[in-house]
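Quick one: the structure is below, and I'll ask about it shortly.
The values are calculated or read from the model by the stated rules, or taken from the named source; none is laboratory data. The model shown is predicted, which means the values in this text are computed figures rather than measured ones. Positions of Cβ are backbone-derived with ideal geometry, glycine not excepted, and every protein chain shown enters the neighbour counts.
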Amino acid sequence: MALLDIVDPDRDRSKFTLAQQRQAIKVEQAWRKRGLPEGFVDDGDVHIRREPGSGVVYISNKAQQMAMLNEGRIELYWQCPGCRNEGFKNTLIHTLGCSYETKPFGLSGSLVPPPV
Ligand SMILES: [Zn+2]
């Protein structure tokens, strides 16, 4: 008996809404044009996925790093280890005032306390 090849439903484009399919095309175009953002690890399992709840379309890898389209470019999506807020680096630092060292979402590491 052959093993059932289970496709991650969050990568299954046939399940994407029309808006998500359009967004996925934009993500692909930006990815092709400028490549993956610095710090995003191509571990051989890099795919476009969608978050079913929010409808957000993003690129992720095996380490569960996330990268999203931001003003025409693919940018790393970060999580602040201090307050757990998520967003693009500029937003975390300049809008939310995160003072912890932020790390790309999905990469675990020891927390770095804010500078005294
Ligand atoms: Zn924070």
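Return yes when Q79 is within 16 Å of the ligand (Cβ to nearest atom) and either surrounded by fewer than 18 Cβ atoms within 10 Å (Cβ to Cβ) or of a type outside the set (K, R) (or both) and no when it is not.
yes
If you take the residues in the range 28-45 that are on the phi < 0 side of the Ramachandran plot and part of a loop (DSSP other than H, G, I, E, B), which one is surrounded by the fewest Cβ atoms within 10 Å (Cβ to Cβ)?
E38
While we're here: Can you tell which of I59, I93, I48, I25 is among the aliphatic types (A, V, I, L, M), at pLDDT 90 or above and in a helix (DSSP H, G or I)?
Testing whether each residue is among the aliphatic types (A, V, I, L, M), at pLDDT 90 or above and in a helix (DSSP H, G or I) leaves just I25.
Using beta carbons and a limit of 6 Å, which pairs, at least six apart or on different chains, have the first residue in the range 78-99 and within 21 Å of I59 (Cα to Cα) and the second one within 10 Å of the ligand (Cβ to nearest atom) and β-branched (V, I, T)?
W78/T102; C80/T102; L92/T102
Same structure, new question: Got a number for residues in the range 68-90 being in contact with a helix residue (DSSP H, G or I) (Cβ under 8 Å, 6 or more places away or on another chain), on the phi < 0 side of the Ramachandran plot and in a loop (DSSP other than H, G, I, E, B)?
2
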